[in-house]
1. Just order 236-244, 69-77 by mean Cβ neighbour count inside 10 Å, highest at the front, would you?
2. What's the FRET efficiency of residue 93 with residue 20 using the Cβ-Cβ distance as r and R₀ = 30 Å, to the nearest 0.05?
3. Counting only the backbone N, which residues of the stretch 214-237 are under 19 Å from the spot 7 Å out from the Cα of residue 196 toward its beta-carbon?
4. Gap in Å between the Cα centre of the stretch 183-203 and the Cα centre of the stretch 102-174?
5. Beta carbons within 10 angstrom, averaged per residue: use that to sort the peptides 118-131, 138-151, highest first.
6. Taking every pair of alpha-carbon atoms in the stretch 72-176, give the share separated by more than 16 Å as a whole percent.
7. Rank these for me by crowding, 250, 78, going from fewest to most other beta carbons within 10 Å.
8. Name the residue from 89, 221, 231 whose Cα lies farthest towards the positive end of the charge dipole of the chain, charges +1 on Cβ of Lys and Arg and -1 on Cβ of Asp and Glu.
Amino acid sequence: MKFKGYVIDLEGTIFQNGSEILGSFNFIRMLQSKKVPFRVITNTVSKSTEEMATLLKSCGLEIPSSYILNPIKALNYYLEEIQSSSYFFVGPSYIQSQLSIPPDFNGNPKYVILCDFEKISLNYNLLNQIFSYLLNGASLMSTSYSDFYLSKEGYKLDTGSFTKMFEIVGNQKATILGKPSSLLYEVALKQMCFNKHEVIAIGDDVLTDIKGAKEFGLFSVLVKTGKYKEHDEIKIPPDLLIDRLEDVVYKTHLSS
Ligand SMILES: [Mg+2]
């Protein structure tokens, strides 16, 4: 099999806790030297893609920030497609400032976009305001469907837990902007001008990377780094299982 482009997860696949996952930078450099198109995708929104690119550069890997896609970029793509500013954004101002169309609505917005509850001043009135927007017909969108995450201080509630609460009280399913939903993959393929059968998706997380790639229709590769735990490949079988990112070269005839 021979593919033309790659969609590669960042955390746990290329990079983890501020350092390279062994061999991954060489793999990316090889793609760059062979001019093989790729995009790096991440569900992280706490850093902008520019900050991610700067962090990677400080560790020795140069990737243009335009090659890094996160749920905020997916959201920008969506807002530009629908040409709407009628949304209520839940998240800190430094994330909201990354949106290409600023929010502008009178009365009730058409969309409620949940991004981050940790870095805002959260209170009952805000929760009830979101609830009332949903009751008045706003559609729910969210950057994440994860219930919690592991921080240095221990487990913390993630945006997904609030998303699920508002799905229940708003009686609707949220549109999710991050993996495993298809929007990030759609943006990546659109930017590279490829069809689904031409692209490989690689990641360390079966529940986001492999589930998302398979549901979208991409050839999925699970790498045994980062979040990978033994027998993960049984939960959601990938098309290919590799030990290290570099192994994909030999398994998919990239070097031929
Ligand atoms: Mg990962």
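Coordinate-derived values only; no laboratory data. Only a predicted model underlies this, so the values are computations on that prediction, with no experimental measurement involved. Note: ideal-geometry Cβ built from the backbone for every residue, glycine included; neighbour counts use all protein chains shown.
1. 69-77, 236-244
2. On the way: r = 32 Å, r/R0 = 1.07.
FRET efficiency, residue 93 to residue 20: 0.40.
3. Zone members listed by number: 214-222, 236-237.
4. After rounding, the separation between the Cα centres reads 28 Å.
5. Highest to lowest by the protection proxy: 138-151, 118-131.
6. On the way: 3092 of 5460 pairs.
Of the Cα pairs, 57 percent sit more than 16 Å apart.
7. 250, 78
8. Checking the options against the dipole of the chain, the answer is 221.
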